[in-house]
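Each value in this text was obtained by applying a stated rule to the coordinates, not by laboratory testing. What you are looking at is a predicted structure, and each value in this text was computed from that prediction instead of being measured. Neighbour counts are summed over all protein chains in view; Cβ atoms, including those assigned to glycine, are modelled from backbone coordinates with ideal geometry.
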Amino acid sequence: MAESTTTGERVLVTGANRGIGLEFVRQYAERGARVFAGCRNPDAAGFLSTLVSRRPGNVEVVQLDVTQRESIDAAINHIALDGDGSLDTLINNAGTSPRGEEFSNLQTAAMAAVLEVNAIAPLIVAQRAHRLLVHSSRPRIVNISSSMGSLTHKESGRHYSYCASKAALNMLTRAAAHDLAPEGMLMVALHPGWVQTDLGGSAADLTPTESVSDMLGVIDGLSASDSSRFLTRHGEEHPW
Ligand SMILES: NC(=O)c1ccc[n+]([C@@H]2O[C@H](COP(=O)([O-])OP(=O)(O)OC[C@H]3O[C@@H](n4cnc5c(N)ncnc54)[C@H](OP(=O)(O)O)[C@@H]3O)[C@@H](O)[C@H]2O)c1
């Protein structure tokens, strides 16, 4: 039976049609949040449609390609016109990881595309969503990073643009967190663990349910002193 109880909590998740993003939508909706599920192609987002039919008042699918300014602004405008127009939490989850990248075959355009999705787009989505976040009493921006962006942990080759993009995301998180702190807005980089998704592969340690459940615990407990930090899904400091 369809349920649609809402708690007033309002969340935007990018890359919400599969993997970790889809599970964020499911768990937020389950606890009564109003979740805007951003995805590039809503017509092909079958799992999201199922969530909408189960919890119609909780989940709304919004078209959102994080690399397209018009798409970002249309999604933000849509949320602004819904309810009180506020946003409590932005989960910058959309990400991409190219396969087969080696030193000998690196290409400028392909590398730039990864940096755009994984590092630049989260900051631009945050910038565009800022006008919604200012209406929240507990505004927070969560950038889904990766241990592969850790310089300390990088002790092998390959994965050039993915690792570089997540290291860049960590730096951008740190910079923006300082600029947003005077407004009481928190921004963190959060490593989800190694998760069974199209990106993580089937051999990964964690199900999306386990990873997102842990991350929600961390996100719910964030305070001002956590802003600008790079955290594990257990809320511990991740080595930069
Ligand atoms: N899985 C892991 O082990 C792991 C570990 C560390 C960090 N992470 C991070 O966790 C996040 C989610 O990863 P995942 O494992 O769930 O990967 P996934 O299953 O491959 O899902 C990636 C999501 O990002 C979306 N996306 C890609 N480019 C986009 C764009 N331009 N605009 C909007 N959406 C876009 C995809 O949409 P389409 O379906 O339209 O392509 C998809 O919804 C990523 O940031 C990833 O780097 C994952």
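Where does the chain land at 222 nm, in deg cm²/dmol rounded to the nearest 500, when only DSSP H runs of n ≥ 4 count, each adding -39500 (n - 2.57), divided by all residues? Could you put the intermediate results ahead of the total?
Working: 7 runs with 88 residues, N = 240.
Calculated from helices alone, the mean residue ellipticity at 222 nm is -11500 deg cm²/dmol.
Sorting Lys166, Lys154 on the 10 Å Cβ count, fewest up front, what's the list? Before the final figure, lay out the partial values.
Details: Lys166 27, Lys154 14.
Going from sparsest to densest Cβ surroundings: Lys154, Lys166.
Among Ser146, Ser49, Val35, whose Cα sits farthest toward the positive end of the charge dipole of the stretch 10-231 (+1 at Cβ of Lys/Arg, -1 at Cβ of Asp/Glu, about the Cα centre)?
Val35
Between Ala175 and Tyr160, 0.36 nm times their residue separation minus their Cα-Cα distance comes to what?
3.1 nm
Between Gln107, Gln196, Gln127, which gets the highest mean-square fluctuation from a Gaussian network model of the chain, Cα cutoff 10 Å?
It is Gln107.
Over the chain, with a Gaussian network built from C-alpha contacts below 10 Å, which listed residue (Gly217, Gly21, Gly201) shows the highest mean-square fluctuation?
The residue with the greatest mean-square fluctuation here is Gly201.
What full-extension length gain, to one decimal in nm, is calculated for Ser202 and Glu60 as 0.36 nm per residue of separation minus the Cα-Cα distance?
Numbers: separation 142, 0.36 × 142 = 51.12 nm, distance 2.87 nm.
Extra length available between Ser202 and Glu60 comes to 48.2 nm.
Is there a quick way to get the dipole size of the chain? I mean about its Cα centre, with the Cβ of Lys and Arg at +1 and of Asp and Glu at -1; what is the value in debye to the nearest 20?
Using Cβ point charges on Lys, Arg, Asp and Glu, the chain gives about 120 debye.
Please figure out what share of the DSSP beta bridges in the chain is antiparallel and state it in percent, rounded to the nearest 5.
On the way: 1 of 25 bridges.
Roughly 5 percent of the beta bridges in the chain run antiparallel, per DSSP.
Taking a ≥ b ≥ c as the square roots of the Cα gyration tensor eigenvalues, with a/c under 1.5 meaning rounded and otherwise prolate when a/b beats b/c, else oblate, which class fits the stretch 134-210?
In terms of gyration-tensor shape, oblate.
With r defined as the distance between the Cβ atoms of Thr50 and Ser225 and R0 fixed at 45 Å, what FRET efficiency is calculated, to the nearest 0.05?
0.70
Taking only Cα atoms and a 10 Å spring cutoff, compute GNM fluctuations for the chain and point out the largest among Met187, Met171, Met215.
Greatest mean-square fluctuation among the candidates belongs to Met171.
Which length gain, in nm to one decimal place, applies between Glu237 and Ala74 when the Cα-Cα distance is subtracted from 0.36 nm times their residue separation?
55.1 nm
Using alpha carbons only, how many angstrom separate the centre of the stretch 35-71 from the centre of the stretch 113-177?
Using only Cα atoms to place each centre, the spacing works out to 21 Å.
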